[in-house]
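Working notes for the structure below.
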Amino acid sequence: MPSPAAPARVRPAVPPAPGTLRAGLAHPIPTLRWLWAAYMTPGRPGRATTQTELRWIYTAWLGAFLLKMLGSSWDVSWHFRWLRDDLAPPHLLNSAGTVVVVALVVFHSYSGYGVDRRALQLMQWGIGAFLVAVPIDVLNHRINGLDITSWSPSHALLYLGTAIMLAGAIRGWWLSAAPGRIRDLVSLGLWLFFVENVLFPNQHQEYGVLSLEAYDAGRTTAEPQLLDFAASQGQSPAMFMLPVPSWVHPAWLILAGLLSLVLARRVVGLRWTATIIAATYLAYRSVMWLLLVGMDFPPSVLPFVLLVGAVLVDVAVTREVPGWLAGPLVAGAVYAAAVGQDALGLLPPWNWWSVLPVAVAFGLLWAAADVLERSRWLARWKVADGPVPPREPLEV
């Protein structure tokens, strides 16, 4: 007598989606089960993704980088008071954001949702560089002792990895999202994190100038253990509070920070893109200043001259001023505005003679961006790899 046929395996049904964002957050375990069953299925980059799904995915990207930004902002102030600790609260907060980023890159890599091939490659290379930099940075601290400078090679690799993965997120969102207010707002948010990451090294001088003034005045904001450890390493307070030449802060603010705002203005296209990003960045820094000082952490000066440059970037792009001319004019205006902020004691030391090479270099970089914008290579870059028609939207 033949044995009965084995019953066919039936794929488990996908659990119902949470009705609202509030319901999903209120019941995280059922929400995660639904997300896993509904979306953790293999697929290639360019997989059809609805606008609702895109908003969920890239809201998670914004949340991840918000955690990283909060952690890094707290971290730089922490290092001007306490000895370094791998498990310090700001490191843990930053690490929480990194964990979410890793999960998102794994999700995109496995499912193919919300990205094209190039965007996914940028995300993968970026998180790869970041994760390689983490143990290198820890080893660097172990070998070199006190190394709070933001300008170390291991830190540079962290910034580079973050910039590359953000470039992937910016590309993935911009090519996938439908034109409109939501696309513009999320793009502004992603560019804000990009600019903050670029400008982050300058915070060392912005904290260092006030910390050194407090030390020289006999009211140091650093704990004795930090100063004693620095002395045991043969480092004076000035060496780790202001570790780079005085031309570095203005050069980096303009050649890296303002250049990032030029690119953001070109990509997003809103008339006041650069101004909005710079103003939001400075507002965030101001709120963090109040919170950190309220918790008895060292204060910093804020680079308000960035806003002057951002406004002029928007005006120059709107009026189609060529980069070779706009660059020197904007750089000169930023240096002129910095004279006033410096007179109030609200800037790190600036080398004023650096205005000439910085102005020339900024003009060349802006002109190169103009050439790139008109190139065939960029035209091909703006096209997604293998676009797929969107699926029917899910009710979320």
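Values in this text are rule-based calculations from the coordinates and carry no lab data. Nothing here was measured: the structure is a model prediction, and the numbers come from that model. Here the Cβ positions follow ideal geometry from the backbone for every residue, glycine too, while neighbour counts run over all protein chains shown.
Listed from fewest to most Cβ neighbours within 10 Å, the set Glu206, Glu320 follows the order Glu320, Glu206. By the beta-carbon count within 10 Å of each Cβ, the least crowded to most crowded order of Asp314, Asp296, fewest first, is Asp296, Asp314. Only Cα pairs under 8 Å and 6+ residues apart enter the sum, and on that basis the relative contact order of the stretch 245-382 stands at 32 percent. Residues His204, His155, arranged from fewest to most other Cβ atoms within 10 angstrom of their Cβ, appear as His155, His204. Under 5 Å between amide hydrogens, built in the peptide plane, is the criterion, and for Arg47 it picks out Gly114, Val115 among residues at least 5 positions away or on other chains.
Modelled spin-label separation between Asn351 and Ser375, with each label point placed 7 Å from Cα along the Cα-to-Cβ direction: 3.0 nm. Backbone phi angles across the stretch 301-310, fed through the Karplus curve with coefficients 6.51, -1.76 and 1.60 (θ = phi - 60°), yield HN-Hα couplings of 7, 10, x, 5, 4, 4, 5, 4, x, 5 Hz in residue order; Gly and Pro are listed as x. Within the stretch 32-81, all pairs of alpha-carbon atoms sorted by distance into 5 Å bins from zero give the percentages 5, 14, 16, 20, 13, 9, 9, 7, 5, 2. For the stretch 42-204, the square roots of the Cα gyration tensor eigenvalues, ordered a ≥ b ≥ c, give a/c of at least 1.5 with a/b greater than b/c, which places it in the prolate category. Along the stretch 63-78 the Karplus relation, 6.51 cos²θ - 1.76 cosθ + 1.60 evaluated at θ = phi - 60°, assigns HN-Hα couplings of x, 4, 6, 5, 4, 5, 5, 4, x, 5, 5, 5, 5, 5, 5, 4 Hz to successive residues, with x for each Gly and Pro.
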